[in-house]
Every structure is written in C-alpha cells, then in structure tokens.
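Peer 1: Mind looking over this structure? Questions follow.
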Amino acid sequence: MVSKSYSNLFEMSCGDGVDFRQPFKSLPRVVTSPGIISDPDWDTRSDGDSVGSASSVERKIIVANFLPLNCTKDEAGQWSFSRDDDALLMQLKDGFSNETDVIYVGSLKVQVDPSEQDQVAQKLLRDYRCIPTFLPPDLQQQFYHGFCKQQLWPLFHYMLPICLDKGELFDRSLFQAYVRANKLFADKVMEAINTDDDHVWVHDYHLMLLPTFLRKRLHRIKLGFFLHSPFPSSEIYRSLPVRDEILKSLLNADLIGFQTFDYARHFLSCCSRLLGLHYESKRGYIGIDYFGRTVSLKILSVGVHVGRLESILKLHATVKKVQEIEQRYKGKMLMLGVDDMDIFKGISLKLLGLELLLDRNPKLRGKVVLVQIVNPARSTGKDVEEAITESVSVAERINLKYGSVDYKPVVLIDHSIPFYEKIAFYAASDCCIVNAVRDGMNLVPYEYTVCRQGNEEIDNARGSDTNCHHTSTLIVSEFVGCSPSLSGAFRVNPWSVDDVADALHHATDLTESEKRLRHEKHYRYVRSHSVAYWAHSFAQDLERACKDHYSRRCWAIGFGLNFRVIALSPGFRKLSLEHFASSYNKATRRAIFLDYDGTLVPQSSINKAPSDELITILNSLCDDPKNDVFIVSGRARSLLDEWFAPCQKLGIAAEHGYFVRWNKAAEWESSYPNHDFEWKHIAEPVMQVYTETTDGSSIEPKESALVWHYLDADHDFGSCQAKELLGHLERVLSNEPVVVKCGHYIVEVKPQGVSKGLVVDKVIHRLMNNGKTPDFVVCIGNDQSDEDMFKSIDSMASSSAFPAVPEVFACSVGQKPSKAKYYVNNVGEVVRLLKNVAGISSHREAVSHGRVTFRDVMDYVD
C-alpha cells in the first residue's frame, strides 16, 4: 500500500526520482509561514486501498485512544476483527451524511506482533476504514496506565495527590511517554489527511497534545476536540506541572467541546488565569481570542443511539430476559445501578443510602431490591482494589442485616454480562440510580429512559395494553454531566447519605402519573438529543469555526509544546529595514510618531526612563530639518518632560494627546483648555470604594484622567469588579463630558474626544497648514491605544487630505492582530530601525557641511 501521508508527499517532492509526467493525486495545501497557497491544478486519480483517494466526498477523521473494533485471535494465530456497534465512535457516524467517508485512527485493545502489523494495518484500512497506531507495549503502559490513568484521570476528577498513599505524584518520564504517544498518533493522522477539506475530530484527555502536533504540520487544518471527561476548576487544574503545555495545545484546535457549561467555564477560567486570554460570547457562540485565531467552544452533552437500543430491545433473548427478571422480583420495587468499578462511581455511597433507607423504613424491608451491575475496571491499582473490597463488604453487611433466606436487598453482579441482559435489566427496573461523585457524562440514565419506553413485544409478553403509558424514575448525582439535562430526576449530593436515602424513599412513594410525566419529559429529550444529533451539531460548528481559515495569513511561532499559529490579515507583513530606509532617504518631509512604553522601552523593564542611546537616536532624528518627531504616550506630561529634557526639538503628546508640546522651548497646549474637571470629585470616591474592596488594585491620578488598575488583583475578582465599576461610573457620570473605558487591566475615565488618533490627526493638519505636508509618515506602537493612530493615519492617507499620497508606515510591535500593515518583533528592532535612519540623517548633515560625499550616504543605506 502506498502511503499518502503529508510527510511522505513532502519527502517525495524533495527527491530526485519523481516522474512528473505521471498524473498527480490532489495534494493537500502545504502551508508555509507565511503565505496563502492555492490548490495545485493537477489531474487526480484514485488508489483503491489508500486512505487519501482523491474525490469530492466529504471526509471525517475520527481520532481516539482506542478504535471501535472487537479483536480476537484464534488458536491458529489468525486475527479476527468486527465493528463494535455499541461504541460511541461507531455510532456517531449517523450524524454525518451517507456520502461522508469516515476514517478512524486509534490503537487496538490488544498487542499485535511487529511482524504482523503491516498485514493487520492493511486489513483494517481496507475492511473497516481504520488506521491503527501500534504503540510499543512499554510506551502503552506508561502512556495509558501511567500518565492518563494515574495522573490526568484522577486530577480531572478532582483528586489531588496530597500524599503518596492517596495518589501518584507527578512523574516527568510518564509525561514524556504521553508526548511520544501523542506524536505517534499525529503521524498516523497525517497519513489519513488528504485535502484541507478533511475534518479531524480528536476525542478525550488521552490526546490533548495532538492539536499542537497536527497544527504544526498543517497550519490550516480543520481540527475539533471533544473532552468526554470533566474539566476541573482552575484551583485543581493549576496544580498540574504541565498545565500550560496542555492548555496551549488544546487552543491549537478550532473547536473545543465540553459536556456541560461547568466544564467549559472551568476551562475558560484556566485560560484567563494562567494564560491571560480573553473570551466573549457573540450570537450565542463562546470564542477565545488566541493570537488572531478565534477558538470556539461547544457545550453539548453526548447522546445515545436510540435505534440501536430499540433494536436490542426487540431481540427474543432480551424479551425473554425481561420476563425472567420481572418474575424473579415480582412484588418488589426493583432499583438498578450500572457503574464501572472505580473510586468515583460512588457505589459504596449508594449502598450506604440504601442501608439508611431500610433502617429508617422497616416497612420497605423485603419490598425493595437494588441490583448493582459492576462493569470491569478500566484500570488497576490500590484504589480500585479498595473500592471493590468496600462495595462487597457493605453489600454483605446489608444482606446479613436486612436479608433472609429468600430475600437479598442487594444483588451485586460483579462479572461481565451480555449487553442484551443489561438492556433487559433497564427495561424491567422501576428506578435507576447514578450516584457518581464525579463523572464526565454517564449515559446510563439515557439508556435506562429509552429502555423503559419498551416496545410492542415486551408489552405483549407482560400482557399489557400496547397503548399503555410507560414510566421511569431516575436518581442522579449533581456531579454527573447528564444531570442538568434531566430536570425530572431526583438530584442528590452523593456525599450525603441522608440525601441519597431521602431520594430513594421519594422514588418508592411516587404516584403512577408522576412517574409517567417524568418519563415522558426525559424520553422526549433523550430521543431528540441522540448521538447523531450531537455529532451533526459538532460537525456544523466545526465547519463554522474554520470558515475564515483562508482569509488570513498564518505565521508559526514557538518551539515544542509552545508552538502556535498567529493568524493575521493578508496585508500584514514584517517591516523591511531596507525598504524603510530607502523610502526615508527619498522623502522630502517626514512625520514620525512613536509610542513609548512597549515601543521604545520594554514593558517588563523596571527602569522606564529612556537610555542614553535612545536619547542620542531621537536627537539625531530631530536634528534633521526634514523631520517632525513626536512621542505619543499615555504617561503624565511632568514625567515625559523630565525624561526627555535633553531632546530640545522633540515633540511630546502626553496623556494620550490631551497635552501637546511641539519642542522643549514651546508651551504645553491642551486640547481642551477650558475643560472642567469637577467630574473627578464624582469618579474618585467611587474608584476608592472599589480599591478598598479589591486587594491588589490602585488608582492612578492624571491631570486629565483617572485610571483604576487591577493587574495585581485576583484575576476573576478583579475582572468582575472592573465590569461593576465600569457600569457604576457610566451611571454616575452620564451627564459629564467624559468617557469611561475598559483597557488592559484598567478602567479609565478621560475627557471625550481624547485619543492618540485625534492628536496625530491634529499634528499632521498643523504641519500641512504650515506648508510642511509630509510625504513620509511613520507610526510605531504596541497596544490598543496605538490602534487609533494606525486607523487615523490610514484614513488620512486614503482620503484627499494630502496633495499627493504619502508613503505610510504604520507598524505594530509584535506579531498580533492590528490595523497596522507592518510589524517588528520587539523593542530592540524598533531601536535598531530608528538608529539606522538616524544615521542616514547624520550622514546627510555631514554632506551639507562637506564632511562626506553623497555616495557615502547611499553606501550607508545599502
């Protein structure tokens, strides 16, 4: 089988032995950084057993830890495979159109000898559209049973390794195994991807690093991720030593799905607190702004395959088993629990609730039976053994205390049973209880509801009217993902044995009409929100989240797990020093506007005063008679006056342009000389109240403005207080000539009409009125306030304000979404840029005095 992976195609394109006269299969858009690559216009042909056969068929690549297959090996050593129709990954295909080609990537649940792997891989691809990832046994052990089950799974279920006896401490070697395994999965996914129209859908916490490895290879890959487990609160998650790496990797997906809003809220809180990211809701969709990309969030719980359950209900074996169960427990109320054997399913707490119920209500003894089906444990360890021992011990105690020769209150089924038998128990049980202390979703209540609806065969076997109303009763833990969707269930705190016992008692006391109403409400929801609905909805939202992929230019930055893609407008590019210097040299009049903090000095610098080198560069620029140079800053004029005292010819616009001075000898001008600042007496006391109640916040008084800072406050509380303060100030200052704005960890009150954009506009118009119309305009800044300058300059340049269109260099510091057309990487590049053109000005002055020739100047520019 010829591999059609991206990496192989890339290697092929670099080789010497390729016959380009042969028709090519449609290649994926290979995205380089930066650039927008269009489709190659080659002929296509199909290769029968290849995953990447070219066609217009929509393709979905489903990636999970395990493939939805059953695997056996007979005595002759021959492998036998079959689809697992009960697996969620197999059932979600119903949410796609019949023409969709679905490819599965994952591991087998058995180890395959390396000598057989190629043959098995070809068979699985040909017969089942599956690509297996054969992890070495030692890597599988460290990856799945080590990092996933010992560290991620407990943490995501709110269990911290407080001491060695209560959990495994973080092991860096296990995390490295997790990284290696995710990389091997990525290699296999790349073999499946054929075109950019392929959608990749990654499932669950085992593969949370996969988005980074895939995004690194294909910057515009259409990538969704769904977390089936809970996502813990930020206080729990932040204890994970590799917390940032995992968060950043998830953010390399286009769409991230969660079962409930609580889990999504916790994820957003982690992104905000740990990475400083901002999110907002637009038209019902939650999006996180991540380096120019909008990462969308999807909140929708998984459903069940109603048709599959109904088909099993119709089986003769199922109907017969229902009759058998109902006959065995005739005259008793049958309660059912179906759980995996692990420490979070709350089996022993459920049994303690039943024990308390029987203790308080002697009349229910002999009338209530709890059948607890225990699925085999998915992992091993001391905790699982303790959970098994405790459950068996409590069950035996209850049976010994309240049971008799012909009556056992608890029936513990701790061995594997056929699926049809489990379905029969669902159909025959009067009540189902799910008492997990923490669970991602848990589909047991949904399956129980569908089975209680029954069918004609079961009704006939019971001798019931086929038109009779069906009933069901659910008791569900508050900490289970399906709880919010089951409004007719009894919701319980599983840690409260009294709460569980009360719910069990209420379940025994319900009237038939109540049971019917609760059942009908749940059944309508479960039937309409099936697994097909969930898959279809996720696929639709993934398509929507990816619709802008080719309208932006992509830049790849970062190494290893810090890799990310920056999405910028197509016209945004790095400022060329040569082009800038050449245009500077040709200009006859220049206007230069420079932000200060984050542009001329680093934001992280403790000493914010300008260096001697910067002062020298600014003086060289100002000494050129063709130049008008301005510092445009939000800082106070007294501080800027002190810092730039050596710059006699430098213009300064302080407090975002409220105060302007054209040079050292000139007087400060105010945009609003007669402005009334009485509003400060209203705003400052309000800010003071919020400062006193928000630890880490402070007030910065300026001559023209008041600023409330909350950078050092608790992130969530500070943001909450900022929103409240914003609304409070807007109400009390509604009749004042001021604006209240939220910025980067600030709330600012300033006079109306004050912005950097307006001051730039005024300065340029003053220059034009004085006969100094610039034909070269440069503006460099780094934050949101500087965007006003970029917008103003761009607007003026495109209007008829200038006699001739000037050359404009609006430049952002750092690669980020901006209205500027150029960027430089950091403050150091800004200083080097200015130093270079300052040298041109100095050389020109030397020419005018005869110290150097004009050729020397041009050699300097080159």
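The values are calculated or read from the model by the stated rules, or taken from the named source; none is laboratory data. On a predicted model such as this, the values are computed, not experimentally measured, just so you know. Cβ sites come from the backbone with ideal geometry, for glycine too, and all protein chains shown count toward neighbours. These accessible areas exclude ligands, DNA and RNA; they are computed on the full protein's heavy atoms, side chains included. Shrake-Rupley method; radii C 1.70, N 1.55, O 1.52, S 1.80 Å.
Peer 1: In the stretch 773-786, which residues are surrounded by 16 or more Cβ atoms within 10 Å (Cβ to Cβ) and either part of a loop (DSSP other than H, G, I, E, B) or modelled with pLDDT under 90 (or both)?
Peer 2: Within the stretch 773-786, T773, P774, D775, N782, D783, S785, D786 qualify.
Peer 1: Let me ask something else. With the requirement that a residue be at pLDDT below 95 and hydroxyl-bearing (S, T, Y), what does the stretch 238-262 give you?
Peer 2: S239, T260
Peer 1: Cβ-Cβ under 8 Å, sequence separation 6+ or interchain: first residue in the stretch 325-352 and of a type in the set (S, T, N, Q), partner open to solvent by less than 30 Å² (accessible area, probe 1.4 Å). Which pairs?
Peer 2: Cβ pairs passing all conditions: S348/A387; S348/S391; S348/V394.
Peer 1: Working only within the stretch 63-83, note down all residues that are part of a loop (DSSP other than H, G, I, E, B), farther than 14 Å from K123 by Cβ and touching a residue at least 12 places away in the same chain (Cβ under 8 Å).
Peer 2: Passing the criteria: only P68.
Peer 1: Scan the stretch 437-449 and give yes if some residue there is among the polar types (S, T, N, Q), under 15 Å from E520 (Cα atoms) and modelled with pLDDT under 95, otherwise no.
Peer 2: no
Peer 1: Spot the failing condition for S583; the list is (1) more than 18 Å from A705 (Cβ to Cβ); (2) small (G, A, S); (3) assigned to a loop (DSSP other than H, G, I, E, B), and only one is missed.
Peer 2: Condition (3) is where S583 drops out.
Peer 1: While we're looking at this one, here's another question. Over 16 Å from G454 (Cβ atoms) and open to solvent by less than 30 Å² (accessible area, probe 1.4 Å): is that true of D342 in this structure?
Peer 2: Criteria met by D342.
Peer 1: List every residue pair whose Cβ atoms sit under 7 Å apart, with the two residues 6 or more apart in sequence or on different chains, where the first one lies in the stretch 708-723 and is free of Cβ contacts under 8 Å to residues at least 60 places away in the same chain and the second, anywhere, is assigned to a strand (DSSP E or B) and surrounded by fewer than 20 Cβ atoms within 10 Å (Cβ to Cβ).
Peer 2: W708/I699; W708/I746; H709/S698; H709/E700; H709/I746; A722/C742
Peer 1: Scanning the stretch 724-742 for residues that are open to solvent by 40 Å² or more (accessible area, probe 1.4 Å) and not in a helix (DSSP H, G or I), which turns out modelled with the lowest pLDDT?
Peer 2: Among residues in the stretch 724-742 that are open to solvent by 40 Å² or more (accessible area, probe 1.4 Å) and not in a helix (DSSP H, G or I), the one modelled with the lowest pLDDT is C742.
Peer 1: Checking the structure you have, find out if any residue of the stretch 180-190 is in contact with a strand residue (DSSP E or B) (Cβ under 8 Å, 6 or more places away or on another chain), open to solvent by less than 10 Å² (accessible area, probe 1.4 Å) and either of a type outside the set (A, V, I, L, M, F, W, C) or closer than 24 Å to H157 by Cα (or both).
Peer 2: Scanning the stretch 180-190 turns up no residue that is in contact with a strand residue (DSSP E or B) (Cβ under 8 Å, 6 or more places away or on another chain), open to solvent by less than 10 Å² (accessible area, probe 1.4 Å) and either of a type outside the set (A, V, I, L, M, F, W, C) or closer than 24 Å to H157 by Cα (or both).
Peer 1: Suppose the filter is part of a strand (DSSP E or B), touching a helix residue (DSSP H, G or I) at 6+ places or on another chain (Cβ under 7 Å) and within 30 Å of V302 (Cα to Cα); does C432 pass it?
Peer 2: Considered against the rule, which asks whether it is part of a strand (DSSP E or B), touching a helix residue (DSSP H, G or I) at 6+ places or on another chain (Cβ under 7 Å) and within 30 Å of V302 (Cα to Cα), C432 comes out as yes.
Peer 1: For the stretch 688-722, enumerate the residues that are out of contact with any helix residue (DSSP H, G or I) (no Cβ under 7 Å at 6 or more places or on another chain), among the hydrophobic types (A, V, I, L, M, F, W, C) and not in a strand (DSSP E or B).
Peer 2: V689, L711, A713, F717, C720, A722
Peer 1: Inside the stretch 797-822, can you point out the residues that are part of a loop (DSSP other than H, G, I, E, B) and either basic (K, R) or closer than 16 Å to R573 by Cα (or both)?
Peer 2: G814, Q815, K816, P817, S818, K819, A820, K821
Peer 1: In the same structural domain as L358 (by the TED database), of a type in the set (S, T, N, Q) and either in a helix (DSSP H, G or I) or open to solvent by 50 Å² or more (accessible area, probe 1.4 Å) (or both): does that describe S537?
Peer 2: Judged against the criteria, S537 is not a match.
Peer 1: Limited to the stretch 365-398, what total is found for residues that are in contact (Cβ under 8 Å) with a residue 24 or more places away in the chain, among the hydroxyl-bearing types (S, T, Y) and not in a loop (DSSP other than H, G, I, E, B)?
Peer 2: Total satisfying the criteria: 1.
Peer 1: Looking at the structure I just gave you, is I347 closer than 23 Å to G560 by Cβ, buried (at least 19 other Cβ atoms within 10 Å of the Cβ) and out of contact with any Phe, Trp or Tyr (no Cβ under 8 Å at 6 or more places or on another chain)?
Peer 2: The answer is no for I347.
Peer 1: Just a yes or no: is a residue in the stretch 399-411 surrounded by fewer than 24 Cβ atoms within 10 Å (Cβ to Cβ), of a type outside the set (V, I, T), in contact (Cβ under 8 Å) with a residue 60 or more places away in the chain and assigned to a loop (DSSP other than H, G, I, E, B)?
Peer 2: no
Peer 1: What do you reckon, is C468 of a type in the set (A, V, I, L, M, F, W, C) and buried (at least 21 other Cβ atoms within 10 Å of the Cβ)?
Peer 2: No; evaluated as a whole, the condition is false for this residue.
Peer 1: Test of understanding: among V368, V304, V319, which residue is under 27 Å from A387 (Cα atoms) and either more than 31 Å from the chain's Cα centre (by Cα) or aliphatic (A, V, I, L, M) (or both)?
Peer 2: Testing whether each residue is under 27 Å from A387 (Cα atoms) and either more than 31 Å from the chain's Cα centre (by Cα) or aliphatic (A, V, I, L, M) (or both) leaves just V368.
Peer 1: From the list Q150, Q176, Q117, which residue is at pLDDT 95 or above, part of a helix (DSSP H, G or I), open to solvent by 10 Å² or more (accessible area, probe 1.4 Å) and over 30 Å from E543 (Cα atoms)?
Peer 2: The unique qualifying residue is Q176.
Peer 1: In addition: Please go through the stretch 361-386 and pick out each residue that is of a type in the set (A, V, I, L, M, F, W, C), within 13 Å of K345 (Cα to Cα) and at pLDDT 85 or above.
Peer 2: Once the filter is applied, which keeps residues that are of a type in the set (A, V, I, L, M, F, W, C), within 13 Å of K345 (Cα to Cα) and at pLDDT 85 or above, the stretch 361-386 yields I373, V374.
Peer 1: Moving on. Would you tally the residues in the stretch 213-250 being in a loop (DSSP other than H, G, I, E, B) and within 17 Å of K183 (Cα to Cα)?
Peer 2: Total satisfying the criteria: 4.
Peer 1: Checking the condition aliphatic (A, V, I, L, M) and at pLDDT below 90, which residue from A645, A683, A666, A636 passes?
Peer 2: That would be A636, the only listed residue that is aliphatic (A, V, I, L, M) and at pLDDT below 90.
Peer 1: Next question. Given the conditions (1) of a type outside the set (F, W, Y); (2) within 32 Å of the chain's Cα centre (by Cα); (3) open to solvent by 80 Å² or more (accessible area, probe 1.4 Å), which single one is not true for Q721?
Peer 2: (3)
Peer 1: Looking at L92, is it crowded, with 18+ Cβ neighbours inside 10 Å and out of contact with any helix residue (DSSP H, G or I) (no Cβ under 9 Å at 6 or more places or on another chain)?
Peer 2: no
Peer 1: Quickly run through the stretch 626-672 and pick out the residues that are outside any strand (DSSP E or B) and either of a type in the set (D, E) or open to solvent by less than 20 Å² (accessible area, probe 1.4 Å) (or both).
Peer 2: S633, G634, L640, D641, E642, F644, C647, L650, E655, G657, Y658, E667 - these are the residues of the stretch 626-672 that are outside any strand (DSSP E or B) and either of a type in the set (D, E) or open to solvent by less than 20 Å² (accessible area, probe 1.4 Å) (or both).
Peer 1: While we're looking at this one, here's another question. Could you list, in sequence order, the residues of the stretch 269-315 that are at pLDDT below 90 and of a type in the set (D, E, K, R)?
Peer 2: Those that are at pLDDT below 90 and of a type in the set (D, E, K, R): R273, E280, K282, R283, D289, R293.
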